[in-house]
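Below is one structure, written out as structure tokens, with a few remarks after it.
The values are calculated or read from the model by the stated rules, or taken from the named source; none is laboratory data. Everything numeric in this text was worked out from a predicted model, so none of it was measured. Note that each Cβ is placed from the backbone with ideal geometry, even for glycine, and that neighbours are counted across all protein chains shown.
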Amino acid sequence: MKIIKYGNPLLRKKSKKVDELTDDIKGLIIKMEDTMHEASGAGLAAPQVGILKRVFLTEIAGETKKVINPIILKKSDEDDTKEEGCLSIPGIYSKVKRPLEIKVKYLDETGKEIEEILNGMDARAFLHEFDHLEGVLFVDKVSRLRKKLISKKLKKLARNTKNELKRL
Ligand code: CO
């Protein structure tokens, strides 16, 4: 699948809940997993392949998590700041502050309800991908100074994306 890039308005839309685990959704998850692996990503959300459904994958330490209709139940007061990137925002990496630990609930790819506590990189990846379902990108969450420093690159990326969309 093609990964859409910064500047594509679909990345700013809110995704819809999955009502039923149909073959279409199962197929989407398989295709997204291939796409994520091909791009060597640590995560991929359905809106990044142009599908506005509440589905995402994370891949941390070789373990793939498939997540449907996620809910964040709890966030720790303690924060953690680490560098992030995004397959939809190539070439830009910035530090982002996020809760160190979260409690989450979601359905896995078989429809089983999972409730678990995630911390460190697992929590960070989950929150990054969850943001995609809300139309939020990691560059929205960087410090004001950092935002200034990357604004030129972001504008250029958005311009390229818009030109590409025009050609289609
Ligand atoms: Co991302």
Among residues of the range 43-89 being at pLDDT below 95 and not in a strand (DSSP E or B), the residue surrounded by the most Cβ atoms within 10 Å (Cβ to Cβ) is 61
Of 96, 67, the only residue that is within 14 Å of the ligand (Cβ to nearest atom) and farther than 17 Å from residue 154 by Cα is 67
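Of all residues in the range 120-138, which are assigned to a helix (DSSP H, G or I), within 10 Å of the ligand (Cβ to nearest atom) and not aromatic (Phe, Trp, Tyr)?
Correct list: 125, 128, 129, 131, 132.
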Determine whether residue 59 is more than 23 Å from residue 161 (Cβ to Cβ) and in contact with a His (Cβ under 8 Å, 6 or more places away or on another chain). yes
Does residue 83 meet the test of being more than 11 Å from the chain's Cα centre (by Cα) and within 14 Å of the ligand (Cβ to nearest atom)? yes
Scanning the range 142-168 for residues that are in contact with a strand residue (DSSP E or B) (Cβ under 8 Å, 6 or more places away or on another chain) and of a type outside the set (S, T, N, Q), the one surrounded by the most Cβ atoms within 10 Å (Cβ to Cβ) turns out to be 142
Flagged pairs (Cβ under 7 angstrom, 6 or more apart or on separate chains; first in the range 117-130, in contact (Cβ under 8 Å) with a residue 40 or more places away in the chain; second buried (at least 22 other Cβ atoms within 10 Å of the Cβ) and assigned to a helix (DSSP H, G or I)) are 128/138
Which of (1) under 21 Å from residue 4 (Cα atoms); (2) without any contact (Cβ under 8 Å) to a residue 24 or more places away in the chain does residue 139 not meet, given it meets every other one? (2)
Considering every residue within the range 119-128, establish whether at least one is at pLDDT 95 or above, touching a helix residue (DSSP H, G or I) at 6+ places or on another chain (Cβ under 8 Å) and of a type outside the set (A, V, I, L, M, F, W, C). yes
Candidate set from the range 31-45 (those that are free of Cβ contacts under 8 Å to residues at least 60 places away in the same chain and over 13 Å from residue 55 (Cβ atoms)); member that is nearest to the ligand (Cβ to nearest atom): 41
Tell me, please, whether a residue that is surrounded by 17 or more Cβ atoms within 10 Å (Cβ to Cβ) and more than 28 Å from residue 146 (Cβ to Cβ) can be found in the range 2-11. no
Conditions (1) under 16 Å from residue 107 (Cβ atoms); (2) within 14 Å of the ligand (Cβ to nearest atom) -> residue 54 fails only (2)
